[in-house]
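Structure, as structure tokens:
Every number here is computed from the coordinates shown, using simple stated rules; none is lab data. These numbers were taken from a predicted model, which means no experiment stands behind them. All Cβ positions, even for glycine, are placed from backbone atoms using ideal geometry, and neighbour counts span all protein chains on display.
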Amino acid sequence: MSKIFLADPQSCDVKIGRLLETFETKVKAYPPGTCPLTVQLSLLVASKNQTCGKCVPCRDGLPQLEVLLRKVLEGDATMEVLEHMRSLAAMIRDTADCAIGYQTATEVLDGLDVFYEEYESHILNHECLGGMGQKVPCINLCPAHVDIPGYIALIGEEDYAGAVNLIRKDNPLPTACAMICEHPCEQRCRRNIIDDAINIRGLKKYIVDQVAADQVAVPKANRSTGKKVAVIGGGPAGMTAAYFLGLMGHKVTIFERQKKLGGMLRYGIPNYRFPKDRLDEDIRAILSAGDIEVRYEAKVGTEIPVEDVYEEYDAMFVAIGAQAGKKLRLDGIDAENVESAVEMLDRIGNGEKPDYSGKNVVVIGGGNVAMDAARSAVRCKAKEVRIVYRRRQEDMTALDTEIESAVMEGIELITLQAPKSIEKTVEGACSALIVQPQMIGPYDKAGRPSPVDANKEPQRIPCDVILIAVGQDIISRPFEEFGMEAERGVFKAGLDTAVLNKPGVFAGGDCATAPATAIRAIAAGKVAAHNIDEYLGYHHKLYCEARVPDPKENNRIPTGRANITERPAYIRKHDFEHVENPYTYEEAMQEANRCLRCDHFGCGVLKGGRDA
Amino acid sequence: MTNTIYDITHESDVIMLVGSNPEHAHPVIGMQIRQAVEKGTKLIVVDPREIDLAKKADIHLKLRPGTNVAFANGMMHIIIEEGLLDEAFIHERTENFEAVKEAVREYTPDKVAGICGIDADILREAARMYATADRAPILYCLGVTEHHTGTEGVMSLSNLAMLTGKLGRPGCGVNPIRGQNNVQGACDMGASPNQFPGYQNIIAPGIVEKFEKAWNTTLNPNVGVKATDCFPKMITGEIKGLFIFGEDPVRTDPNTAHVIHALKSLDFFVIDELFMTETAKLADVILPGRSYAEKEGTFTNTERRVQRVRKAVEIAGETRPDTWIFTEIMRRMGYPQPHLTPAEIMEEISLVTPSFGGISHERLDSKEVDGRGLQWPCFSKDHPGTPIMHEGKFSRGLGYFRPAEYKCSVELPDEEYPLLLMTGRILYHYNACAMTDRTEGIHQIAPESFIEMNTNDALKLGIRNEEMVEISSRRGTIAAKAHVSDKTREGECWMPFHYIEGGANWLTNDALDGISSTPEYKVCAIKVQKIK
Amino acid sequence: MICLNIDGIAVEAGEDMTILEAAQSVNIRIPTLCYMKEVNEIGSCRMCVVEVEGMNKLPTACNTLVKEGMHVQTKSERVIEARKTILNLLLSNHHRGCFSCPQNGECELQELCYEYGVEESRYVGTRKKIERPVKDSHPFLCYHPELCIHCQRCVNTCAKVTGRKAITLGKTGMFNIIEAPFGADWDTTLCESCGNCAQACPTGAITEKRKKNYRGWETKRVRTTCPHCATGCQMDLIVKDNKIVDVEGADGPSNHGLLCVKGRSASFDFIDQEDRIRYPLIKNKDTGEFERATWDEALDLVASKFTELRENYGGEALAGFACSRSTNEDVYMLQKMVRTVFESNNTDNCARV
């Protein structure tokens, strides 16, 4: 007779596991624009259902919280109900035995604070606060609100030029975004409910791989308005603003510090991620939009006074980016071969490839720039490349795919080690990085766990080159002196990009947000262009010729997401050529066919559903 | 019991349970054994049946019924052979060890395994587990005593405990779990043909004189006849008058037909009873006595603990306290016994019974005792009682090793009666059911008699589970429902003895233990047939 | 020794003592509902929460060990409010038909609600809609789910104390529930009908069915020893109007509050049964029938017949057997009777049978 048994693969817990994965997809695909109180209710119901039933506060208290919250949502509550919720939740938080009870109560209490106005609105006006209402997830979450379902549908029709046009209605850098966009649009893709998010960036890349952006004519520009607009900085924000302002008929002058346009797209992102000839396709198209002049190697703030520009132009858009590598205060930081990663990437962008043959390179940092620097170092023939980071791998801000690619290319991640000092040879060359081992600790205010010194001896990591990638600074001083307010170097601008107290001055992109993504910079350029137009006294509308095809029936068959493959690491790591392989026609069509066309089905046809 | 229920169930490392099914017969002890096992105490069950505790046991030795002596001798053989004995204890505290050592020499594991029908290796494991445990009590019950070699069975278990020094300490001892609520007290109080209260032997010098003085009378100095030996003497006419106080031998004694014949042979038969029992029906006079809830008094439990019984109710009618009845008979037969309250009677008991010297109702009700009773021996008013016997010294001085030899049961299965029958108790009834029978719910739960049979035997006889069958022995024939399972081994059956319909004692053998005259309830030969 | 402060009183407690035990040692009462020492220390009801300086939560006194320097408040406003809310929550799912509840007057929930002034729950019970039938097919025991507060005293009594594990935790939807084995299939369960669960139940959820025949306040208790086996369990006879209506286990040295089915349910019905013999009876030799007699008639007959036999055949022709179920005092007097007036040592008891 058997006494003990292995877990039954048919057991409920195993089956529940699958159901829970489905449950996760519901959370993943929670539509933007949902009332926070209904999300709170979903959370409460999910938590309540996890009770084991042992203790009274959780077993019988959480369901009563749900009753009260439902009252609020049903418009059947008074303000006393809020106080009741608060006291009941506090009791559960204080007396529940396990996290199922007390954490749930804590979440309700937090929600009562964070969404207080929302609660109030529901109780007093029986409705959500303004701005609520479901929206198409991808369009809404794209900072530039590109019509994603539209261009995916155009792919289905093989109308790639139409697709480029439709993208350019909101974003004049389709190629850049095809290559390096962080695609927030995919985050809550409704397709998650069925299988997985649509590979939106992959599809966009397919478009520009079929037809280069500069082969699709931009819309005809308006008649000249005679107004002059200065755009300081030729990165994604500046170029986007220039493009739209150009189409509106304004005369645009881009002041570019470097020899070429592109900003971080050219001088920060290495060629293997975004080939520069492909960037040129976007730039050529942008420069064909209306009257745009570029003044290269024009350094506003140093060689050209900001005031002069301000005086000369009717409006000014400051988009200078965050170009300076942050410094670390370490003993020995002045050693030879210790360099900011941004500077190193900048040099490569300018065609000066360093030769790291036979050298050990250490990169300090955990963001995308650290990955770019490390992977570039590999391509500069370094013997060994290591990334030193003071938190854990899961705390790195770099995209998971970037980290994965770096590891595949032979880069070692040394985590939970904080740089302590740099060891120098007598000649003053760097010979090692001394690090202090860390342990991960409590979460900080921003919601990330902070590292603290571990009770371990410092360690020595021998190296010949150290690249520091711990963030970037904005060279804001000249502009601050000019009168633009900034906080820690970040310009203060409204959500409309207008700079307070400086009429006609607008700011956007990294310099107004701190280092962020290309698509956010593009969004800022778009917003700035429209608001400058308003500022100048116009209400220009831009028309797009591409027509969005009628939707087909949803494809409900669960189908895997087609990922973009890369060239094998053993080959690609020896060159700066693009690492990604193109989609096949079949991959692109299958992927496009998975799109659920939320712009048409569901909330998409409601007023505000396709908001821009 | 040498020890207390608490220490053997809470302070032991291994419990060895021999011929005892406490889950049914002593449920609250059974519960505490289950608690102990749950908390990690090891359990050795020595029992012919697959009782529930056997499933929880580390080792179950499913002995052939009636082979306890061989089993115990086998255990001792292994313990001596493997040097697991407590030589210091044997040397300092006992005598006559050599005789036992000699006696168990031939009880090799293989031989014992053959007699008992068990595996020699498992017997070895049991011997090691018991001997090497620091604290291990032996608990036994009627499965040991209700054989014609019952006394030898008990002696060999005592030898086993002495051999391993497991006496006189908490969590050890040799612990008979006595059957009825006050069976211990009844023995203590001298309802015994050869002993006055407190086991004061009639033939011991000065004892008769002591009681003659205490009771101010002359007493018969001859040892009397044991109850079980009385029945044949009733048939032969040597015993002509009988007074029974609350017993129902027709139901509880073996060989029911023989008992009825004996009682009918009496000249005069008086019974003091609560109900018209099968035995009472045969009486000439019935005197209405009182139940435990209608009088004051004391019971002595299996731990030798004297505890109070208190009057809760009075019923309508003319019942009288039993002590009043006995006093009246004494007075009317010429002995000037004054009427005493139970408390006064206990005072008298304490005066004539050294081991009860310090026990009184007043003390039992006192704050000092706090409802925990007093365990005899309790020699004086300031004696705290004796939870554990033989601490430091045996009552007789040195512990005496008394060798015992295995003898097979008197009536073994043969061609005519091919099955062996054991009897016992079930949870829901008590003995003749005089009390339990009168609760409706008990009837619902355990309404009728049954016979447990082995699956293979049932198969051979074409008997299905729950079928009524006819069961006969050389002494009688009854019918009962068959419970077919593998609880008993092939060739062995088991029945409860509580029921009047299908009562097992119509079948049991009245062969008696050579020393204690306890009947061999546990083994007789029967045949089972389908009812046509 | 650990020194702590409870409600401003300095308390010395043992290292393995809980806050509850430390409080009890200085006569500070902390209310409990689910707690049974060493049996149910799961802290499910949370009634015993207290405030401890330096702790965010309100810990349960029943299963939180004392610590050096602890400052405990057992009656702070926060604590009282939490307890009231707990009672409100419990009451919301509790069927409040106290009038018809067998436990009325002895219910611990009722008691605590009274103490904390909770008369009506401010909540509508969220589990009330889960319909669960009363389980009352068992001959002695029944389970009313809507009176159950899921404290698990019964479950752990059955598992840890009786060691039987007949009452288990079941599940319905998101809740653990009590699977009491008293439904239609009661006779196939592990239940031994001992009723220790009913004695452990703080409400009227599990009761002995007979409990509905009396109210606690109408009865008196008589502490006695169980009349069945030789374990010597201590128990209280519950007496109403000169009639035993129930039995409860008492904390005796051999039973620690436990009883078995016989002690609890089969030790009193027989006492005042119709067929008790209530008068002396003498058998009419002619008819063979028993006839009622006076005590004098019966005792004179007995005395004269035994005297006659003794005179004619000697004391050894007489015998008297005692009952090993009767009291020590009875047995002593019986053997004294046999030895003094039967002039015989033919006395014995049923120890052998």
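When DSSP beta bridges are restricted to pairs lying wholly in the protein assembly as shown, around 50% turn out antiparallel.
Annotation: amide H-H contacts under 5 Å for A:Lys492 (H modelled 1.01 Å from N, sequence separation of 5 or more, or interchain): A:Glu485, A:Ala486, A:Glu487. Based on C-alpha pairs under 8 angstrom that are at least 6 apart in sequence, chain A has a relative contact order of 16 percent.
Fewest neighbouring Cβ atoms within 10 Å first, the residues A:Leu245, A:Leu44, B:Leu282 line up as B:Leu282, A:Leu44, A:Leu245. Name the shape class, rounded, prolate or oblate, that the alpha-carbon gyration tensor gives for segment B:228-282, where a ≥ b ≥ c are the square roots of its eigenvalues, rounded holds for a/c under 1.5, and otherwise prolate holds if a/b is larger than b/c and oblate otherwise. Cα axes put segment B:228-282 in the oblate bin.
Rg and Dmax, both from the Cα atoms of segment B:329-459 and both in Å, are 24.4, 66. Across the cross-link table entries A:Lys26/C:Lys171; B:Lys42/B:Lys166; C:Lys212/C:Lys243; B:Lys240/B:Lys522; A:Lys169/A:Lys220, which are compared at the Cα atoms, the separations over 19 Å belong to A:Lys26/C:Lys171; B:Lys240/B:Lys522. Counting Cβ atoms of other protein chains within 10 Å of each Cβ in B:4-11 and taking the mean gives 2. At A:Met589 and A:Lys327, where each label point lies 7 Å from the Cα along Cα→Cβ, what is the point-to-point distance in nanometres? Spacing of the two 7 Å Cα→Cβ label points: 5.9 nm. Computed extension gain for B:Glu347 through B:Asp486, at 0.36 nm per residue and net of the alpha carbon distance, reaches 44.7 nm. At an R0 of 25 angstrom, the distance between the Cβ atoms of C:Leu169 and C:Lys37 translates into a FRET efficiency of 0.75.
Derived scalar couplings between HN and Hα for segment A:342-355 equal 4, 5, 4, 5, 4, 5, 4, x, 8, x, 9, 7, x, 10 Hz in order, rounded to whole Hz, by the Karplus curve 6.51 cos²θ - 1.76 cosθ + 1.60 (θ = phi - 60°), x for Gly and Pro. Would you please give the FRET efficiency between A:Glu74 and A:Lys3, computed as 1/(1 + (r/R0)^6) with r the Cβ-Cβ distance and R0 = 56 Å, to the nearest 0.05? Efficiency for this residue pair is about 0.55. Only one residue of C:Ser304, C:Ile277, C:Gly252 has its Cα farthest out toward the positive end of the dipole of segment C:249-306, where Lys and Arg carry +1 and Asp and Glu -1 on Cβ, and that residue is C:Gly252.
Suppose a student asked you for the relative contact order of chain B, using Cα pairs under 8 Å spaced at least 6 residues apart; what percent would you report?
Contact order relative to length: 17 percent.
The HN-Hα couplings worked out from phi for segment A:151-162 by the Karplus form 6.51 cos²θ - 1.76 cosθ + 1.60 (θ = phi - 60°) are 6, 5, 5, 5, 4, x, 8, 6, 8, 6, 5, x Hz, whole numbers, x standing for Gly and Pro.
Model label points for A:Met439 and B:Asp382, set 7 angstrom from Cα along the Cα-to-Cβ axis, are 6.2 nm apart. Quick check: the distance between the Cα centres of segment A:287-320 and segment A:350-368, to the nearest angstrom? Distance between centres, Cα-based: 33 Å. With neighbour counts taken as other beta-carbon atoms within 10 Å, the residues B:Thr94, A:Thr104 rank, fewest first, as B:Thr94, A:Thr104. Residues within the reach of a label modelled at C:Cys3 (point 7 angstrom out along Cα to beta-carbon, backbone nitrogen below 18 Å), restricted to segment C:60-77, are C:66-72. How many percent of the alpha carbon pairs in chain A exceed a separation of 33 Å? Counting pairs separated by more than 33 Å, the tail of P(r) holds 55 percent. Note on segment C:2-75: with charges restricted to the Cβ of Lys and Arg (+1) and Asp and Glu (-1), its dipole about the Cα centre is near 340 debye. Paramagnetic label reach from A:Leu109 (point 7 Å along Cα→Cβ; backbone nitrogen cut-off under 16 Å): within segment C:53-75, residues C:53-60. Judged by the ratio a/c of the largest to the smallest principal axis of the C-alpha gyration tensor, segment B:419-530 counts as oblate, that ratio being 1.5 or greater while a/b is no larger than b/c. Couplings 3J(HN,Hα) of segment B:377-385, computed from phi: x, 9, 6, 8, 4, 9, 7, x, x Hz, in residue order, whole Hz [Karplus 6.51 cos²θ - 1.76 cosθ + 1.60, θ = phi - 60°; x for Gly and Pro]. Annotation: amide H of A:Glu293 within the under-5 Å range of A:Val252, A:Thr253, A:Ile254, sequence separation 5 or more or interchain, hydrogens built in the peptide plane. Taking every DSSP beta bridge that has both ends in chain B, the antiparallel portion is near 40%.
The mean count of C-beta atoms from other chains within 10 Å of the C-beta of residues in B:261-273, rounded to a whole number, is 3.
Look at A:Asp110, C:Asp7, A:Asp97, B:Asp414 and count the other Cβ atoms within 10 Å of each Cβ; fewest to most, that gives B:Asp414, A:Asp110, C:Asp7, A:Asp97.
Projecting label points 7 angstrom from Cα along Cα→Cβ for A:Asp550 and C:Arg292 puts them 10.6 nm apart. As a calculated quantity, the FRET efficiency between B:His261 and C:Lys240 at R0 = 35 Å, using C-beta atoms, amounts to about 0.15.
Summarise the long-distance tail of P(r) for the protein assembly as shown by giving the % of C-alpha pairs beyond 48 Å.
On the way: 637173 of 1119756 pairs.
For the protein assembly as shown, the fraction of Cα-Cα distances above 48 Å is 57 percent.
Amide H to amide H distances under 5 Å link C:Val247 with C:Ile238, where only residues 5 or more positions off or on other chains count and H is placed in the peptide plane. Mean partner shielding of peptide C:159-169, defined as the number of other chain Cβ atoms within 10 Å of each residue Cβ, is 4. Dividing the mean sequence gap of close Cα pairs (under 8 Å, 6+ apart) by how many residues segment A:325-472 holds gives a relative contact order of 32 percent. In terms of its C-alpha gyration tensor, chain B has an oblate overall shape, because the principal axis ratio a/c (a ≥ b ≥ c, square roots of the eigenvalues) is not below 1.5 and a/b does not outweigh b/c. For a modelled paramagnetic label at A:Ala446, 7 Å from Cα along Cα-to-Cβ, the residues of segment A:377-418 in reach, with backbone nitrogen under 11 Å, are A:397. Spatially, segment A:81-126 and segment B:39-82 are offset by 62 Å when compared through their Cα centroids. Taking the centroid of alpha carbons for each part, segment A:465-496 and segment C:164-225 are 74 Å apart.
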